[in-house]
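Below is one structure, written out as structure tokens; the observations come after it.
Since every read-out is calculated from the coordinates, none of them should be taken as a lab result. For clarity, every value in this text was computed on a predicted model and none was experimentally measured. Every residue, glycine among them, receives a Cβ derived from its backbone with ideal geometry; neighbour counts consider all protein chains shown.
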Amino acid sequence: MTQDFMERIADALDRMSPRPPTLPNLETGNAFLWHAEPDFFETISDVECLALELLVGIDRAKDTLLKNTIQFAKGMPANNALLWGARGMGKSSLVKAVHSTVLSMGLSVKLVELQRDDLSSIPRLLALLRGANCHFIILCDDLSFSSDDPNYKSLKAILDGGIAGQPKNVIFYATSNRRHLMPREMIDNEAAVGISPGESVEEKISLSDRFGLWLGFHTCDQNQYLEMIRRYCEAYELKIDKEVLRAEAVEWQATRGARSGRVAWQFFVDLAGRHGVLI
């Protein structure tokens with residue numbers, strides 16, 4: 001074989017083999033989206049988030065997560081956090097708002113969003129972040145597992161018990177509609193048909209135990225729903241008669257058949273558009 005032929009083979013093999021991922025220039029932003037296969041970071045220059053004071057009805061969760069994040073950003077011990085509960089009540093919004101608040105305090109911490117479908121790439125992501133001179137929050141939004149999901153045990157091992165352990169400069173925040181990250185009926189089935197029902201159930205719910213903080217989110221009442229909208233109007237300087245606002249807001253939630261922070265924000269977006277107010 002000629003030297004030229006061998007070089008062409010080597011070039012072809014280089015193209016077939018993905019290059020190892022590298023950290024982006026961390027000065028380019030404070031938030032990143034992790035993509036797997038090929039592995040790379042996408043810098044998010046403008047993170048959409050509400051101000052912390054606009055999140056209503058979750059005061060305990062706000063205080064707890066903010067304190068935990070400040071500890072972490074200062075290099076002190078902090079817990080992984082699972083934000084679970086009702087849909088549309090601000091779980092992911094709280095993580096982004098807390099991150100923004102910590103940055104405004106002059107502390108440095110990077111937010112990395114990990115998609116549910118990319119969980120298998122967590123070992124590679126952690127290997128990359130482990131040596132970085134920064135603190136990272138990995139956000140797994142809308143996390144849940146089915147009975148045959150292979151990512152379940154790998155994530156559990158990484159959060160607690162793996163040989164390498166969780167890097168000290170990385171913390172996990174996950175949001176889920178399910179307290180134990182899996183359907184209630186799946187846990188019930190394990191208890192009903194397992195050879196050792198107690199052990200089967202313990203195995204299935206043990207992943208959620210890896211999160212030191214459990215922050216519950218519950219549906220809001222009408223007063224909290226209306227207070228959310230009032231704060232939005234105040235923050236964006238939208239002027240409207242109080243009684244008109246109340247009537248329209250109540251009608252909006254009635255057509256949706258539910259009240260939540262998401263429904264309140266959707267109403268305000270419609271209201272702002274009709275009143276010519278930019279958000």
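Amide H to amide H, with H built 1.01 Å from N, R178 comes under 5 Å of G85, counting only residues 5 or more places away or on other chains. Distance between the pseudo-spin-label points of Y236 and Q266 (7 Å out from Cα toward the beta carbon): 1.5 nm. Here the relative contact order of region 222-274, from alpha carbon pairs under 8 Å that lie six or more residues apart, stands at 51 percent. Relative to its residue count, region 222-274 spans a Cα convex hull of 69 Å³ per residue.
The slack between E251 and D63, meaning 0.36 nm per residue of separation minus the straight C-alpha distance, is 64.5 nm. Peptides 89-100, 251-262 ranked from most to least packed give 89-100, 251-262, packing being the mean of other C-beta atoms within 10 angstrom over each peptide's residues. Modelled spin-label separation between H218 and M76, with each label point placed 7 Å from Cα along the Cα-to-Cβ direction: 2.9 nm. Using the empirical formula 2.2 N^0.38 Å as the baseline, the Cα radius of gyration of region 66-175 reaches a ratio of 1.06.
Each of S120 and I279 was given a label point 7 Å from its Cα along the Cα-to-Cβ line. The distance between the two points is 3.7 nm.
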